[in-house]
Amino acid sequence: MLSWLSSMVAKYFRPGLLLPVAAGVILFLTPAVGAPAKDAAPDLGYIFSPDLPHDVVALHAGAAGLQPSMDTMSWETLIALAWPASSTQNGVPDRNNQIGGIPPDPEGGSGKPAGPTVFETFKASEDIFLNPPLKPSGFNQPQRIPGPCLLQGASLAAHSKIMVRPTSIGATMNEVFEAFTNSPLIDQNGQYAWYEVRLDETEFNFIVNNQYYISTKQPAMISNFPAGSNTGKEAGSFHVKAAWKIMGANDDKTRFYTTVAFTYDPKAKQPCRRQTMGLVGLHIAHKTQSRPQWVWSTFEQVDNDPTKGVAPTQPRYSFNNPACTACPVNQQTTLGSTTPVQVLRITAIPPDKVALNAQYHQALTSINSKNVWQYYDLVDTQWPAEPSKKPLGNPIPAFLANTVLETFFQGPTVGPVSPKNPPHGCINCHGTYGLDKDFVFQLNDAYPQSKKKKTVLFAH
């Protein structure tokens, strides 16, 4: 079956582009250019799949190496994770829907919503690592809801989304501070960005079954999180870190994936607030058999910020004011400040990613002209080029940063590595500070916590 589909792709589609294989599914995303032959099959258009890729397929090996295949897998992973979720089962797609939702039928059909997405129904990290370290509720159970949020209208039946700000800073980064800092990211509306970390069912079950939610149950070295394989039935372990902004009056909601969430800050005068949140950044980590150091994909909303050395393309960004030429760039701020951070992308999105993004944007709009996912770009994919070379496997690219997740640590690392000057890039950082946890920082959240003061604020 796969060989037949591959031959059809070779005959009717442009070679070398967008052909990942996962669980026996080939996705046709780039139709052939030029006039079709008289005996050509009808144009299949763009077919998206809600199935997660299991591992990379080396369809692009050659002068460009594996990077195009890795980037294609990143996009296919985003499509599956951003697919609208089942209303009855967490972490499962609604196969009667499509990414971005189904628009209303001109003849009266109501269409289907764009979310909640599959990744939003993964298990929240704070619901796994409890204090005291009790066994977490099942994967399909709704997120825990603080009392003040119940009073504000959050509902267990509605699977309400809760973003929690912890009462203190522990070993890991909380939901308003960026990696290795005590600095919040503040948008042009003077509002803090919020962060959440969610784990898929495979990763969740591995932690629960091994009782790794209890810190004293964790062995000195963990390196065996389940990995995806193109010859197996499972896609492997996934976890995501999402960055959100509170949508303001001047923000164009048609260009964001938005959701209604309850932001919970126990120290605030109004601890729980119902907010419309817009997704601005998404990290995706995927453990695969061929890449034991995981594959790290990062996406951003296109209106986040301009790029260094490139003239701004719009008068206003979510995290940058082009008119403020005197504003210091990427400067850390302090808790309590409402001064916006003037975010600037230091390393431009590579040209091959720009071209790939354009192809996917076109494909997304072909199924829904108002598809919000057309406004998200793959920044890059970091992966171990030589996974047998322990511990890091020669990561490619050498450095990688998301401007709303690693605002203050972009570009090459300069000087000695330390908690205040961490290695830049997902594999580099997780391999330096999380090698004994199989690159999974979430395991540092397990209780009981060491009484010894911890000096590192890990990025999830």
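If the Cβ limit is 8 Å and pairs must be 6+ apart or interchain, which residue in the stretch 381-393 that is without any contact (Cβ under 8 Å) to a residue 40 or more places away in the chain pairs with which residue that is assigned to a loop (DSSP other than H, G, I, E, B) and buried (at least 19 other Cβ atoms within 10 Å of the Cβ)?
E386/G393
Scan the stretch 234-272 for residues that are more than 23 Å from the chain's Cα centre (by Cα) and farther than 24 Å from G147 by Cα and report the count.
2
Give V343, V379, V329, V354 a once-over and let me know the one that is in contact with a Phe, Trp or Tyr (Cβ under 6 Å, 6 or more places away or on another chain) and of a type in the set (V, I, T).
Just one listed residue meets the conditions, V343.
Listed here are the residues, each with its yes/no results for (1) among the small types (G, A, S); (2) within 22 Å of W194 (Cβ to Cβ); (3) modelled with pLDDT of 95 or more.
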{"residue": "P350", "(1), (2), (3)": "no, no, yes"}
{"residue": "A398", "(1), (2), (3)": "yes, no, no"}
{"residue": "F409", "(1), (2), (3)": "no, yes, no"}
{"residue": "P419", "(1), (2), (3)": "no, no, no"}
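Would you check if K253 is crowded, with 24+ Cβ neighbours inside 10 Å and farther than 22 Å from K123 by Cβ?
The answer is no for K253.
Hey, any hits in the stretch 347-354 for a residue that's surrounded by 19 or more Cβ atoms within 10 Å (Cβ to Cβ), more than 17 Å from the chain's Cα centre (by Cα) and hydrophobic (A, V, I, L, M, F, W, C)?
no
Assess whether Q293 counts as being more than 30 Å from S388 (Cα to Cα), surrounded by 15 or more Cβ atoms within 10 Å (Cβ to Cβ) and touching a residue at least 12 places away in the same chain (Cβ under 8 Å).
On the way: more than 30 Å from S388 (Cα to Cα): no; surrounded by 15 or more Cβ atoms within 10 Å (Cβ to Cβ): yes; touching a residue at least 12 places away in the same chain (Cβ under 8 Å): yes.
Criteria not met by Q293.
When the stretch 331-343 is examined, which residues are found to be crowded, with 20+ Cβ neighbours inside 10 Å and either under 22 Å from the mean Cα position of the chain (by Cα) or touching a residue at least 24 places away in the same chain (Cβ under 8 Å) (or both)?
P340, V341, V343
Could you list all residues from the stretch 141-162 that are of a type in the set (S, T, N, Q) and either surrounded by fewer than 14 Cβ atoms within 10 Å (Cβ to Cβ) or modelled with pLDDT under 90 (or both)? Don't jump to the end; show me each part of the working.
Here is the first cut: in the stretch 141-162, the ones of a type in the set (S, T, N, Q) are 141, 143, 152, 155, 160.
Answer for the stretch 141-162, where residues must be of a type in the set (S, T, N, Q) and either surrounded by fewer than 14 Cβ atoms within 10 Å (Cβ to Cβ) or modelled with pLDDT under 90 (or both): Q141, Q152, S155, S160.
Residues are listed down the side, and each one gets a yes or a no for (1) surrounded by 13 or more Cβ atoms within 10 Å (Cβ to Cβ); (2) under 19 Å from the mean Cα position of the chain (by Cα); (3) under 23 Å from N357 (Cα atoms); (4) not acidic (D, E):
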| site | (1), (2), (3), (4) |
| --- | --- |
| L66 | yes, no, yes, yes |
| A80 | yes, yes, yes, yes |
| P103 | yes, no, yes, yes |
| P106 | no, no, no, yes |
| G109 | no, no, no, yes |
| K112 | yes, no, no, yes |
| F129 | yes, no, no, yes |
| P132 | no, no, no, yes |
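Going through the stretch 208-250 one residue at a time, which ones are under 24 Å from V372 (Cβ atoms) and buried (at least 17 other Cβ atoms within 10 Å of the Cβ)?
F238, H239, V240, K241, A242, A243, W244, K245, I246, M247, listed by residue number.
Of all residues being of a type in the set (F, W, Y) and not in a strand (DSSP E or B) in the stretch 205-250, which is nearest to A285 (Cα to Cα)? Just the residue, please.
By that ranking, first place goes to F225.
List the number of the failed condition for R316; all other conditions in (1) part of a loop (DSSP other than H, G, I, E, B); (2) in contact with a strand residue (DSSP E or B) (Cβ under 6 Å, 6 or more places away or on another chain) hold.
(2)
Is one or more of the residues making up the stretch 424-434 modelled with pLDDT of 90 or more, of a type in the set (A, V, I, L, M, F, W, C) and within 23 Å of A242 (Cα to Cα)?
yes
The values are calculated or read from the model by the stated rules, or taken from the named source; none is laboratory data. On a predicted model such as this, the values are computed, not experimentally measured, just so you know. Backbone-built Cβ (ideal geometry, glycine too); neighbour counts: all protein chains shown.
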